[in-house]
Each structure stands twice: as structure tokens, then as C-alpha cells.
Amino acid sequence: MIEQLFKPKSIAIVGASRDKGKIGNIIFRNITSTFGGKIFPVNTKAEKIENYNSFKDLKSVNEKIDLVVIAVPRDAVPSIIEEAVSINAGAAIIITSGFKETDEHGAELEKQIVDISIKSDLRILGPNTIGLITPNFNATFALENTVRGNSALVAQSGGLGVYMLEWAQKTNTGISYFVSLGNQSDVTESDVYEYLSNDVETRTIFSYIEGVSDGNKFLNVVPKIVNKKPMIFLKGGVSKTGSAAIKTHTGSVAGSIDIFKAAVRTCGGIFVDNLEDLLNIARLVNSGENVSGDILIITNSGGHGVLTTDAISLGNMNEIELPERIKASLSSVLPKQSVARNPIDLSGDADYERYRNALEIVKDLDCTKLVIVQSLPMVTCTDVARAIMKYKGKSVIGVVMGSDEDSASRILDSAYIPSFRFPEDAVKSIRYIALRSTPYKKMRISEPPHDAYEITGEKSYIRDFEALKLMEIYGIKTPKWKIVEDEKDLAEAADSIGYPLVMKISTDEPVHKTDVNGVIMNVQKENLKESYEKLNYKRILLQEQISGAEVFIGGINDPVFGYTVVTGVGGIYMEVLKDLSYGLAPLSEDEAMYMMDESKVSKMLSARKRNYDNFSVVRAITNISRMIVDLKINEMDINPVIVNEKGAFAVDVRIILNGK
């Protein structure tokens, strides 16, 4: 019962120790100093621990135990879990490490633990966890004291979790819950998220995750949560592994980090690139200041104003235009050489009063006020911090730069007003909040058209001309094409298509035809027979040769999050540039357009005043997303999709089915 993990009325600590240097003693002291319920130390040798009567085993307690905390050698853990089940304990935290993360013996021990607990109602956090902190107790061997607050930290890495706790302590950031997930043998990240979503003391959830235990549950739980409170994710373990031979471009470029980003975006969460960004964004969400992508800059340095303007523009946000009434009011505050516009340049001789007067004038504008100060002889960072404090709740953010910036940051932190050392960091954090996506729930119902299923059936893969037929069934254009298996049919087939045309070998298995010299371009009537003989293959695909911009669209069945679409600039440079965007299928038109923007496909199609049919690519992406769900496609790519004024044409298609 997960409630007894987070809100127990009694706790037993198996492995509680008298030795203050041991984990069992540190955890025991942390629990005794924070928990108001019944506490039972369990130690086979000691009679008393820290003035508490000790018990030989759990059964000797003879009282109801809600939570069992275990810190003993790994080989002893399965028997303790058996004992916890026998006394009807509600939950257990296994601090002990050395399980599946270590070796085969550890993996077998962890399996034993799961097999024992699965037959009961016992819920297990860990193993290999540093523990749990709630508003009511601290069952970790980390910090003794944490500041109470409204942010929950959920971390798969114990070390990183401790760093986040130390950071929270240094910055006076209040913590509602800290959960170290460990190996997630039972309680998973989504279980914890779901519990925290209903906790009134938690306003924001920060999570460091290395691997999602159940992608479908994640996609179901997280969208519900972000409608109540923000969720911020940082992912580790981004390197790609795997030794299986890759038969499509998609398989060779897909990486778990990209698909995890797409999953977070789909769910309406916020994905950050690094720990620094996570800690920076925490300043914003914990402050309570409402921020938007409409930004007003107030500064005493023109250079900082310019750099901030650049960061806003690059982040696709908006530098607001000042209303005329505000300009008129500012004219009485600004020095004669300054113009009342955004950024508001208070000039290098600005003092406390000029900052305060400017803030007073703009305080009610519906925008984010980014107040930047460079410490100068006329004003210090702490002066401006005190001015900013008077406007708490007016969407103010401080950027303090100078010799007293530490003091100024402490002043703003104490008032729960976000402060930064560089304007670019502030703008980046605002962007994370302002541009987060609307959550989507993915409904993956397989409803393949009859004609499509007739082609795929129970096959492992389909031939290239069959793939072209599938494109047409799903409303995706193809160049005119014909299959030739006998030279006597060559001329008639080619004439029906027209010249110039492209001639390709038509293989049974998906291959990269250019890699095996299986493609001839610019075939004319005069060299038709020569080209056919040069390819010398049992089956030849003839295609209309068309021109335009080359786009890549692919699909993959990710082992965690399932069917995923990939798009980017196509052609021979796709695997080199890897400027790709990922989206979880099925996709809406809005999601497809986002992917085109993110991968720079939109920019490529509109470059040089091209009148290419952008929306045909949107339709192709959404139709492909539906197709890979309908037909349970494991890997596919269309490279290239050629886009011109007439639409988007699938030219070369490879499809692998059934995970083979």
C-alpha cells in the first residue's frame, strides 16, 4: 500500500546500528529526529540503540508496522522481505545496494524480492535507494534537515538526488518530498508522480530520470498531473547502445533521449538540457511570479539590454511594445539622452530612485519584467534588489551582476523573487515555462484499411513497390512508377511514365540502394536499355524523376514509448546533420507543424521564396503517424520525400514489420 510508504504511523528500521558511522545509525537518527509515530529498531545483537529498545526481528515487535526500512547486507534482504510480508507490513524501503545494478547474483536476489512481494500488498521502494523524505519524516542517510516547502524531488540517481537536496538547502528552496527511486523493482517513477499529483503540499515536481519503467503508464499519468502542477524533467543515460544490425535510417539515428524529449513535450512537461537549467527553472516555479513570453527589459547597461534582446529573439519570444501612456510617464524619469522604449535603458548613472520610479510606472503591464543591474558607482546590486522586492507579485525577475551580486541574490531569494547572474539564463528559464506544450493524450487504436492489411499481413518486411502502394492507400503522393521484371516490358513501362526517369533495383528486403550502386538517375529513352542491363537485377523499379526539396520522414517502435515519428531535412546528409524532431504517434497537425519547425524543415521549404506545398508535409507526417500505429510498423523511413509546388512525394520507402 503506497499510502503507508509516504504516511506511515509506525516505522521499523532493520539494520539500525549503534555505530554512528554506519548508514543504519544515520538513517535511524534521521527518523527519530523527524518522525512522530512509533519507531522500532531491529538489530540481532543490540539491546538498545540510541535509547530505544531494540528487537531481534520484525516478528518480535508484536505491534502493527506500516513501513520497514532495510539497511542490511544484500543476501539477508529476501528473508526480511518474507518476514515483512508475514507481519502484513504495508511498505518497505530497501536502502541496500548490490542488486541488478551490480551483477547476476544481485539480479537474482532482486528477482526473489519481487517474487515474494508480488504475492502480497507490500510495496517496495528500491533497492539501491538513499531513501525518502516526506513532510513527516526523513528516512535517508543524506541531510539531517531540509527546509519545508512545495517542491518535490524525484531522482533515480542517489548522488544527484543528494546534490539537489544540498542545493535546495543552500538556496532556501523548500522541499515537500524527496524520493530516491533506486532500481524501481516495484514502486516506479509514475507511481510516485501519481501520488504527488494528489498531494496538496506539492506545487511542482522535479525529476531526474535515467530510464522510464513503463512508457504507456508515463503517457497516461503525466498529462493529468501537468494540468494541476508543473513537472520538470532532466534525463541521464543519453548514450545510445545496441548491437542489432540497422536496416533503416531511422534505426541508425534514433536515440532514447530524443524520444524521451518528445514524450515529455507530448505530456505537457518541461524537459531541461542540464542540471544548471533545472536549478535555474526552480527559481522561477518556486517564486510564484507569473511569467510569460512577453518580456520587458529594464537595465542600466545598454550592452546587457542588447544581449537580452538577442536571447529573447532567438528563443522565439516577444519583446513587448510600450504603450504611449507608459512612454510619456517614463520620459519624466529617464535622462534626456534616453528614449522611452523596450529595453528601458535607465543609463549608467541610474540610482535606486530611478529603478524604483521606472518599476512603479510599468508594474501593472501584463508581461514579465526582467530587471537587470550592473553594479556601478551610482547603484549597487543590493540597492536594486531592494527596489525589486517592493514589486513582488508583479512578474518581476532580477538579474544582478557585480561585486555584491551574492548579497543581492540572497535578498531576492528571501523574498521568493527569482534572481539570476546572467540575463541569458533568465531568458532561457522563462522560455522553458512560457513555451511549454499543451498536454496530449495518445489514443493508439489500430484500424488498418483492408487494402493495407492485405499488403502487410503477417510479413516481417515488405518490398519497395508494396511500400509505395501503402503510401497511396494512406493518402501520400508518389511519383509515377512501374515495376519491370522482363526486358520486353521495359519500353512500354518507361514511355507511360515519361522521361527523364529514375531506375532502381527492386529488392525483396529493405536496403540502401545507393550503397549497392542500385540507382541510376536521369535515364532517357536513348539509354534506357543500357541502364537496365547495367543494373542487371531480377526486378526493376522505374520512377518519374521529380525535383524539389528533400525531407526525411521515418517511424520507429520505441521499446519504452512505442510508435514514434521522426522528421528532418532529408537526402544523403540526413544521418550527418541529424537535425531531427521526434513526435509520439498518432500526431495532430499542430504537433506535425511543431516538428517541422524544430527540425528546420519549415525554414528549408520557405527559403528563397519557394512556393512549396508545406501543408502537404504536415499531412504526410500525420498520415504516417496513423499508418505506423495501424500496421504495427517496427521501423520505416521515407528518404527522401520530395516537396515542390505540387505536394510531397514519397520517393524511396523502406518498411520493417513485426520487430524483425
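The values are calculated or read from the model by the stated rules, or taken from the named source; none is laboratory data. Remember, predicted model here, so these are calculated numbers, not experimental data. Cβ placement follows ideal geometry from the backbone for every residue including glycine, while neighbour counts extend to all protein chains displayed. Keep in mind that these areas ignore ligands, DNA and RNA; they rest on the heavy atoms of the full protein, side chains included. Shrake-Rupley method; radii C 1.70, N 1.55, O 1.52, S 1.80 Å.
A few remarks follow.
- Here the spin labels are modelled as points 7 Å beyond Cα on the Cα-Cβ line, and at Thr44 and Ser347 they lie 8.1 nm apart.
- Pairs beyond 22 Å (Cα-Cα), from Lys261/Lys394; Lys459/Lys632; Lys482/Lys504; Lys504/Lys603: Lys261/Lys394; Lys504/Lys603
- Euclidean distance between Cα centres, the range 539-591 to the range 616-640, Å: 8 Å
- Carbon plus sulfur fraction of accessible area for the range 606-646, probe 1.4 Å, in percent: 44 percent
- Calculated [222 nm] ellipticity per residue, helices only, for the chain: -10500 deg cm²/dmol; basis is -39500 (n - 2.57) per DSSP H run with n ≥ 4, divided by all residues, nearest 500.
- If R0 equals 41 Å, the separation of the Cβ atoms of Ser79 and Asn198 corresponds to a calculated FRET efficiency of about 0.75.
- Total charge dipole magnitude, the range 12-52, about the Cα centre, Cβ charges on Lys, Arg, Asp, Glu only, Debye to nearest 20: 40 debye
- Cα convex hull volume per residue for the range 286-392 (Å³): 101 Å³
- Cα long-axis angle, helix 77-86 against the chain (0 to 90 degrees, to the nearest 10): 70 degrees
- Residue pairs exceeding 28 angstrom between C-alpha atoms, taken from Lys20/Lys170; Lys477/Lys525; Lys480/Lys534; Lys228/Lys327; Lys217/Lys477; Lys9/Lys45: Lys228/Lys327; Lys217/Lys477.
- Highest-first arrangement of 425-438, 128-141, where packing means the average Cβ count within 10 Å: 128-141, 425-438
- Spacing of the two label points (7 Å from each Cα toward its C-beta) at Tyr499 and Arg325, in nm: 7.5 nm
- Ordering of 341-349, 313-321 by packing [mean C-beta count within 10 Å, highest first]: 341-349, 313-321
- Cβ-placed point charges (K, R +1; D, E -1), dipole of the chain about Cα centre in debye, nearest 20: 1320 debye
- Hz values of 3J(HN,Hα) by residue in the range 427-444 - Karplus curve (6.51, -1.76, 1.60), Gly and Pro given as x: 5, 4, 5, 4, 4, 3, 6, 6, 9, 5, 7, 6, x, 10, 9, 8, 9, 9
- Options (i) 53, 41, 17; (ii) 51, 31, 26; (iii) 48, 25, 24 - which one matches semi-axes √(5λ) of the Cα gyration tensor in Å as calculated here: (i)
- Sequence-separation-based contact order of the chain, relative, with Cα cut under 8 Å and 6+ spacing, percent: 9 percent
- Phi-derived couplings, Karplus 6.51 cos²θ - 1.76 cosθ + 1.60 at θ = phi - 60°, listed residue by residue for the range 175-187: 10, 8, 9, 10, 10, 8, 6, x, 7, 6, 5, 9, 6 Hz, with x used for Gly and Pro.
- For Thr140, the residues whose modelled amide H falls within less than 5 Å of its own, excluding neighbours fewer than 5 places apart on the same chain, are Leu132.
- Spacing of the two label points (7 Å from each Cα toward its C-beta) at Lys529 and Ser313, in nm: 6.3 nm
- The H on the amide N of Glu210, modeled in the peptide plane, is under 5 Å from the matching H of Gln156, Gly236, each at least 5 residues off or on a different chain.
- For the range 108-118, Karplus couplings with θ = phi - 60° (6.51, -1.76, 1.60), whole Hz, Gly/Pro x: 5, 4, 5, 4, 4, 4, 5, 4, 6, 6, 5
- Residues whose amide H lies under 5 Å from that of Phe420, counting only those 5 or more places away or on a different chain, are Gly398, Val399, Val400; hydrogens are built 1.01 Å from N in the peptide plane.
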